[in-house]
Amino acid sequence: MNKSPKATSTSTSCLYCGNEITGRTDKKFCTVQCKAQFNNRKKNKEEESIQKLNRILRKNRNILKEINNAGHSGTQQEALQQMGFDFRFYTHQVSENNTTFNFCYEWGYSRL
């Protein structure tokens, strides 16, 4: 009396390669490799925006590090812009004595 969908056999198409698959009714992929490739492609699409954001933050961080290591404590906005700094992106803010500092990881700046 057990009529589980796993007990029957049907023929469908693989979600990744489109090849015919046989077996359980709930089977979606013809091989383990197709299943892995399908999930990797899906994950990569979801991660693209995160990777793009991380590239921008990393660039901002490197610019701040370069300027701070050069001995500039108060950096003008124009100087950061000329180096390609993107003011829309930062990791966190800290307020101190009525001044807000934007940080890209451990390197920060305040707009002068």
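The values are calculated or read from the model by the stated rules, or taken from the named source; none is laboratory data. Here the structure is a predicted model, which means the values were calculated and not measured. A quick note on method: Cβ atoms are made from the backbone with ideal geometry, for glycine too, and the neighbour counts reach across all protein chains shown. Areas reflect the complete protein model, heavy atoms only, side chains present, ligands, DNA and RNA absent. Shrake-Rupley method; radii C 1.70, N 1.55, O 1.52, S 1.80 Å.
Per-residue surface analysis assigns I50 an accessible area of about 80 Å², computed on protein heavy atoms at 1.4 Å probe radius.
Using a 1.4 Å probe and counting only protein heavy atoms, arrange C104, C17 so the residue with the most accessible area comes first. If you can, show how the numbers build up before the last one.
Working: C104 0, C17 60 Å².
Sorted descending by solvent-accessible area, the residues read C17, C104.
Where a ≥ b ≥ c are the square roots of the eigenvalues of the C-alpha gyration tensor, would you call the stretch 11-56 rounded, which needs a/c under 1.5, or, failing that, prolate if a/b is larger than b/c, or oblate? Verdict is prolate for the stretch 11-56. A simple spin-label model places the labels of R24 and E66 5.4 nm from each other, with each point 7 Å out along Cα-to-Cβ. Applying 1/(1 + (r/R0)^6) with r as the Cβ-Cβ distance of F101 and E78 and R0 = 30 angstrom yields a FRET efficiency of 0.95. A simple packing score, the average count of other Cβ atoms within 10 Å per residue, orders the peptides 40-46, 92-98 as 40-46, 92-98, with the highest score first.
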